[in-house]
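Below is one structure; the comments refer to it alone.
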Amino acid sequence: MTNRHLSTLRAPSLVLAILLAALSLTTREASAQLRIVDYNVAQLNGNLTALAGVIQALGVDDKLGWTVPVSVFVFQEVQSADLTPLQNILNTNAPPGVSYTAATYTSSGLEDSSAGAEALFYRNGLLTEITSGHADIPTGSNRNTDRWRLRLLYSPGVPWLTTPGADDTFYVYGMHLPASNTSQDAIDRANAVTAIRNNAAALGSAAHIIYTGDMNLYTNSEQAYQNWIAAGINQAFDPLGTGSWAGSGNAIKHTQSPCNTSCALVGGGMDDRFDLQLSNAQFNDFDGLQLISNTYRAFGNDGLHYNLDINSPANQYYPANLPRSNTLAGNLKIASDHIPVIVEYRLPAAMTASLTEDFGRVIQNAEIYVTLSVQNTTPVSVAVGGDILDYSAEGSGTLADAFISNSLVALSAADVNQLQLDTSVVGDGEGDIALTSTSEGCRDANQFLSTLGTILRPSNPSFSNSSAVTSTTIPLAFDADTGTQPINVPIYNYNFDFHQSLLDIDSVEIPSAPFAYLGGAAANIGASRATLNFSINTNGLSPGLHSVALAVHTSDENIPGETTSVLNLTLNVTINGAAPCVADIAPKGGDGLVNIDDLTSIILSWGTNNPAADIAPPGGDGNVNIDDLTAVILAWGACP
């Protein structure tokens with residue numbers, strides 16, 4: 001039995017270590033971790049070919065050392081007529097095998113005339129929308145904030161969690177707050193954030209929430225921003241910290257405007273952080289569904305273009321691939337007057353476990369183990385994309401002494417444990433393992449596994465079927481010179497039933513002449529007996545006792561815990577003296593020959609009860625007849 005008690009690994013330093021390990025990898029495509037993008041698409045008034053290029057680039061961005069298709073797009077300034085063209089752009093430019101569905105979209109006539117509404121698209125097979133969780137929240141300036149509730153799918157159509165009552169969902173708020181830098185707009189933004197916080201508070205502190213959109217916040221001291229980070233239920237946390245984002249020293253944070261010269265849309269160069277993606281405490285507690293530290297980035301912003309066009313001078317977003325950087329920057333400049341915000345989130349752990357289902361037939365008190373395998377199977381291809389699996393396993397029944405506790409990083413090898421069974425009690429055995437994970441949102445967090453088998457008494461070899469006889473002497477008698485005589489010895493598996501091992505006769509000690517072993521060793525003896533076959537050659541043996549002691553080696557059937565035994569067999573054979581020549585009846589007492597004299601004596605006594613001539617069968621039958629005549633004829637010649 002393996003017992004391990006490991007402390008739960010939850011420190012930020014561990015998460016950072018995993019992140020650094022992921023960054024050291026060559027580019028790999030993670031299969032499911034969450035990549036969430038926020039982007040103001042300016043009512044699709046930019047260059048749509050360039051917009052398609054930006055969308056395509058978002059799906060293959062490997063700035064951090066890995067790439068993963070976008071899981072959620074949250075767009076601002078989407079008019080009703082833009083929804084279908086925007087979805088076509090997404091699906092046409094998605095990575096192979098990836099497609100997107102529009103979540104609930106609401107737009108009043110006023111929103112269409114005031115730049116447009118919010119739209120969310122989610123990746124098929126990874127997420128689905130719980131439409132009852134949608135809300136349209138008035139937040140001023142004819143710009144409502146939308147709230148969506150999304151559910152994780154482990155595989156297409158299969159909810160992440162299987163534990164009743166558990167929550168595998170998160171909320172996304174998409175907003176476009178009042179834009180101008182006036183005192184009234186600042187008040188309106190502060191009131192809008194208050195309205196959103198109030199709405200979020202009603203969801204309770206256990207909800208996972210992302211707040212994203214074009215918030216038009218000019219400074220970190222603005223009341224709206226302070227309302228976001230104020231303590232309380234579902235307080236917002238800023239991955240970039242709560243310090244200033246003003247000035248060239250913070251250029252890496254800016255999202256507007258990618259254009260400074262020859263601008264078809266709003267220009268001014270890269271100098272404002274209007275687009276933000278914030279999240280609540282549940283996304284920042286190092287457990288379960290979680291923001292991945294240091295993954296927040298303004299897409300395409302290399303921090304070197306303060307108050308400049310994002311593509312001039314040369315962009316270095318991908319330092320090792322300047323042509324790629326400048327292609328992206330060129331598209332960003334004309335696709336919209338904002339650039340996207342992109343943030344990575346890890347998935348909750350997924351626990352997959354197996355236990356040897358059938359430990360088979362074993363002998364009582366056998367030392368036997370079954371295998372418990374536990375693995376963190378979060379569907380990612382970089383470890384940082386999945387939460388750590390903290391689990392414990394506790395046994396009962398024939399596994400009552402088993403206890404395991406461990407923590408497994410995503411993509412790590414399975415934790416394989418050999419658990420010893422208690423085989424002390426004969427009968428049908430069952431060992432159970434209760435697996436529990438304390439990792440937040442863990443898929444299949446509670447599992448119950450069983451192993452079944454049969455525990456048997458050892459076999460009971462015996463020379464008797466009515467009692468356990470392990471040593472015996474078999475007395476036999478044969479006349480001398482009567483040839484080879486058979487000796488058969490029965491072997492039983494005494495008191496056999498379903499809960500007793502079958503018996504194997506493995507070997508028999510070979511006796512010396514005149515005895516011989518002819519065979520009979522057998523396997524899997526149950527209720528039926530086996531027979532060992534011996535013989536003795538009586539020819540030429542002197543009268544008297546001839547004896548041999550033999551060892552018969554037996555064992556249980558070939559299963560774990562097999563025991564062995566030895567039966568002790570003695571064969572005692574008495575050889576009688578030479579048989580009299582009963583047909584030599586004449587003259588009286590015989591002459592050593594069976595001849596005409598003896599035949600004449602039979603004829604002369606025919607029909608009488610003369611005991612001298614009444615020789616057949618041995619001892620006579622009270623009448624001298626054809627039997628006696630035949631005995632003389634058959635014995636004709638010299639007596640042996």
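Scanning the chain for GluC sites (Glu not before Pro) lying in DSSP loops with no more than 15 further Cβ atoms inside 10 Å, the longest uninterrupted stretch between such sites is 1-356.
When the chymotrypsin sites (Phe, Trp or Tyr not before Pro) in the stretch 449-514 are filtered for DSSP coil states and for at most 15 other beta-carbon atoms within 10 Å of their beta-carbon, the remaining sites are Phe498. Distance between the C-alpha centers of the stretch 267-287 and the stretch 450-525? Whole Å please. First find each Cα centre; the distance between them is then 84 Å. Comparing Ser412, Gly620, Ile210 along the charge dipole axis of the chain, the residue lying farthest to the positive side is Ile210, per the Cβ-charge model. Going by alpha carbons, how many degrees (0 to 90, nearest 10) lie between the helix axis of 48-58 and the longest principal axis of the chain? For helix 48-58, the angle is close to 40 degrees.
Mind checking the full-extension length gain between Asn45 and Thr482? Use 0.36 nm per residue of separation minus the Cα-Cα distance, one decimal, nm.
Difference between extended and current length: 145.4 nm.
Rolled with a 1.4 Å probe across the full set of protein chains, the surface gives Leu599 an accessible area near 40 Å².
Any idea what the dipole of the stretch 187-299 comes to, in debye rounded to 20, about its Cα centre with Lys/Arg Cβ at +1 and Asp/Glu Cβ at -1?
About 20 debye.
Given an 8 Å cut-off on Cα distances and at least 6 residues of separation, report the relative contact order of the chain as a percent. RCO, the chain: 11 percent. If the chain linking Thr600 and Ser80 were pulled fully straight, counting 0.36 nm for each residue of separation and taking away their Cα-Cα distance, it would gain 173.4 nm. The C-alpha atoms of the chain define a longest principal axis, and helix 12-23 lies at about 90 degrees to it. In this view, the solvent-accessible surface of Thr608, computed with a 1.4 Å probe and all protein chains in place, comes to about 60 Å². Paramagnetic label reach from Ser424 (point 7 Å along Cα→Cβ; backbone nitrogen cut-off under 14 Å): within the stretch 357-387, residues 364-367. Estimated from the Cβ-Cβ distance and a Förster radius of 45 angstrom, the FRET efficiency linking Glu357 and Thr570 is about 0.40. Distances between placed amide hydrogens fall under 5 Å for Thr538 paired with Thr482, Gly483, Thr484, Gln485, all partners being 5 or more residues away or on another chain.
With charges set only on the Cβ (+1 for Lys and Arg, -1 for Asp and Glu), what does the dipole of the stretch 353-508 come to about its Cα centre, in debye to the nearest 20? Could the numbers behind the result be given before it?
Numbers: 3 positive and 19 negative charges, 25 e Å.
Result for the stretch 353-508 is approximately 120 debye, rounded to the nearest 20.
Within the assembled protein chains, the solvent-accessible surface assigned to Cys639 is about 40 Å², based on a 1.4 Å probe. Taking θ as phi - 60° and the Karplus parameters 6.51, -1.76 and 1.60, the scalar couplings of the stretch 213-222 work out to x, 8, 8, 6, 8, 8, 8, 6, 8, 4 Hz in sequence order, x denoting glycine and proline. FRET efficiency for the Thr630 to Ala549 pair, using the beta carbon distance and R₀ = 41 Å, is estimated at 0.40. For a label point 7 Å from the Cα of Asp285 along Cα→C-beta, name the residues of the stretch 172-215 whose backbone N is under 18 Å from it. Taking a point 7 Å out along Cα→Cβ of Asp285, the residues of the stretch 172-215 whose backbone N falls under 18 Å are 172, 200-211. For a paramagnetic label modelled on Thr163 (point 7 Å from Cα along Cα→Cβ), amide N atoms under 19 Å away belong, within the stretch 420-460, to 433-450.
Each Lys and Arg Cβ is given +1 and each Asp and Glu Cβ -1; about its Cα centre, the chain then shows a dipole of about 2380 debye. For the stretch 79-93, the Karplus equation 6.51 cos²θ - 1.76 cosθ + 1.60, evaluated at θ = phi - 60°, returns couplings of 7, 3, 6, 8, 4, 5, x, 5, 5, 5, 4, 4, 6, 6, 10 Hz by residue, with Gly and Pro reported as x. Note on Lys333: lysines with a C-alpha under 27 Å away, same-chain residues under 8 apart excluded, are Lys63, Lys253.
Fully extended, how many nm does the chain gain between Lys588 and Leu518 (0.36 nm per residue separation, minus their Cα-Cα distance)?
Working: separation 70, 0.36 × 70 = 25.20 nm, distance 4.55 nm.
Using 0.36 nm per residue and subtracting the Cα-Cα distance, I get 20.6 nm.
Computed over neighbours whose Cβ is under 12 Å from that of Leu456, the net charge equals -3, Lys and Arg +1, Asp and Glu -1.
Given only helices, namely DSSP H runs of n ≥ 4 each adding -39500 (n - 2.57), what is the per-residue ellipticity at 222 nm of the chain, to the nearest 500 deg cm²/dmol? It would help to have the intermediate numbers written out before the result.
Working: 9 runs with 96 residues, N = 640.
It comes out at -4500 deg cm²/dmol, rounded to the nearest 500.
The values are calculated or read from the model by the stated rules, or taken from the named source; none is laboratory data. Note that the structure is a prediction, hence the values are computed from the model and not measured. FYI the Cβ positions are ideal-geometry reconstructions off the backbone, even for glycines, and counts take in every protein chain you see. Heavy atoms of the whole protein, side chains included, go into the accessibility calculation; ligands, DNA and RNA do not. Shrake-Rupley method; radii C 1.70, N 1.55, O 1.52, S 1.80 Å.
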